[in-house]
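The values are calculated or read from the model by the stated rules, or taken from the named source; none is laboratory data. Only a predicted model underlies this, so the values are computations on that prediction, with no experimental measurement involved. Cβ coordinates were reconstructed from backbone atoms using ideal geometry, including for glycine residues, and neighbour counts include every protein chain displayed.
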Amino acid sequence: MAESGETELVVLGAGPGGYTAAFAAADKGMQVTLIDAFEKPGGTCLYVGCIPSKALLHAAKLLTDARDAQAWGIHFGRPEIDLAALRAQETKVVETLGKNLLELSKRRKVEYIRARATFADSRTLRLDNGSSRRFKHCVIAVGSSPIVPPSLKLESARLMDSTAGLRLEEVPASLLVVGGGYIGLELGCVYAALGSRVTVVELTDGLLPGVDRDLVRPLQSRLEGQFHKIYLGTKVAKLAETAEGIRATLEGEEIEEREPTFGRVLVAVGRRPNSRGLGLENTKVQLDDKGFIRVNEQRRTTDEPIFAIGDVAGEPMLAHKASHEGKVAVEAIAGEPAAFDSRAIPAVVFTDPEIAWCGLSETEAKRQGREVKVVRFPWGASGRAATLGRTEGLTKLVTEPETERLLGMGIVGEGAGELIAEGVVAVEMAASARDLALSIHPHPTLSETVGEAAESVYGPTTHLFRVRR
Ligand code: NAD
């Protein structure tokens, strides 16, 4: 039990990590206070991240599907886009989910406080409403914020980070996206579908650095048809406001125009943990050299009563990893044996086509010098992909040669984000390729590509025949 006047558990930050931890703790009978600067629970993911971006990507998909329908003899004509109505729909989705989360908090008797809090010491939080809270345990789940490098800082309403980009104030005639990562490509797809001429500038020599190249290729070739330009190995050295828009100075080898001007610029070059300004110097909590809070496998920090989860506690900065950590931390607080030991944290880029992967990727296996067997099933051989007119996809499996065990899965194609869940379960359960091959997948579905990729570990499959040499 907590001492009188102290809260048993304070969760700082009410995103998917924080509210999952708070709800799990309340379900175990703990007395819980959840603190966040947003009016309701949901955090970055709900208000300025995953959910609004997916709502906008849904609208973008409606537009591109309507255009692609021409191949099926269906003509909708030029779409009329009512931006105010689109924004209202996005807001409605977000508000409904926020209201539901607040209701779930109330039903569990989780006290929700709208405030910013900083640590006064290892057992006390000071709130910006003038009050303070002593706690027995605290879970820090304060997330991350977009990085804007000094060279890209500019006082201009035309310069957007992801939060501003999601507000969709207008559809600029031209948009520069700095950064070809998750956010740049997802929001780039949204603005391109709405009618902006989108230019993406990526510093490294490929989109989505770190992701297997054969998964990125089909996405890149589709984006090349939708975006005005994709510059790789290119730097935005300077941004300057002019009467016509923002002038960007580009540095790279194959640039057609070195100083193009854009109606708007979206900067999406990564996020940093929100570990500064929390008063952590008043505690024994330590940070690593990237500013992430140091935690152990239970997500306990170097200050015993304090735990940290989600983006602030390390990569990958993904909501579902935060939620899982939240449950682990609460189990540890409850004295249960608990550890974060996932083998397959899935990642999904919600572009069209989607890219999803989990477990060991081919790129990572190469980096580790680990011998693996990789099999690929091209969606050109999938009946379901043909009916959807989306045969550009690919399903690949990374297996352990001696044991045939599935170590990782990667998919590019329509619905990859949903399909990857099978890979997550298989990797976590240490399934072998044979387990997947012997599981009957429904026909005609895209999930058959997983089953048939697994069969191909053992030789030719029904729809894949390669002449043996
Ligand atoms: P990111 O790390 O995915 O991509 C940033 C990109 O910017 C990289 O490709 C990097 O090489 C490039 N870059 C860095 N500096 C640059 C510069 N000066 N000029 C041009 N390019 C530059 O970061 P993000 O897209 O900002 O997203 C941040 C994080 O948010 C992601 O890592 C991810 O964890 C999370 N996120 C996840 C999803 C999802 O799960 N679908 C969606 C959005 C964001």
### Query
So how many residues does the range 267-293 have that are within 22 Å of the chain's Cα centre (by Cα) and without any contact (Cβ under 8 Å) to a residue 60 or more places away in the chain?
3
### Query
What is the one condition in (1) more than 10 Å from the ligand (Cβ to nearest atom); (2) in contact (Cβ under 8 Å) with a residue 24 or more places away in the chain; (3) among the small types (Gly, Ala, Ser) that residue 132 does not satisfy?
(2)
### Task
Mind listing whichever residues of the range 44-98 are closer than 18 Å to residue 414 by Cβ, among the acidic types (Asp, Glu) and in contact (Cβ under 8 Å) with a residue 24 or more places away in the chain?
68
#### Entry: Output for the range 99-126, where each listed residue is touching a residue at least 12 places away in the same chain (Cβ under 8 Å) and among the polar types (S, T, N, Q)
105, 118, 122
### Query
Consider residue 396 against the criteria (1) assigned to a strand (DSSP E or B); (2) within 16 Å of the ligand (Cβ to nearest atom): it satisfies all of them except one. Which criterion is unmet?
(2)
### Message
Checking the structure you have, find out if any residue of the range 356-367 is at pLDDT 95 or above, farther than 30 Å from residue 122 by Cα and assigned to a loop (DSSP other than H, G, I, E, B).
### Response
yes
### Summary
Of 90, 80, the only residue that is exposed (fewer than 11 other Cβ atoms within 10 Å of the Cβ), acidic (Asp, Glu) and within 21 Å of residue 196 (Cβ to Cβ) is 80
## Note on the structure
When the range 72-92 is checked residue by residue, the ones that are among the hydrophobic types (A, V, I, L, M, F, W, C) and either in the same structural domain as residue 222 (by TED's automatic domain parsing) or in a helix (DSSP H, G or I) (or both) are 72, 83, 84, 85, 86, 88
### Query
Would the range 321-338 turn up any residue that is touching a residue at least 40 places away in the same chain (Cβ under 8 Å) and in a loop (DSSP other than H, G, I, E, B)?
yes
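Per-residue answers, yes or no, for (1) aliphatic (A, V, I, L, M); (2) touching a residue at least 12 places away in the same chain (Cβ under 8 Å):
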residue	(1), (2)
424	yes, yes
431	yes, yes
434	no, yes
437	yes, yes
447	no, yes
452	no, yes
459	no, no
### Counted residues, the range 241-274 - those being among the small types (Gly, Ala, Ser) and away from the ligand (no atom under 16 Å from the Cβ)
3
### Task
Output yes when any residue across the range 303-318 is buried (at least 18 other Cβ atoms within 10 Å of the Cβ) and free of Cβ contacts under 8 Å to residues at least 60 places away in the same chain, and no when none is.
yes
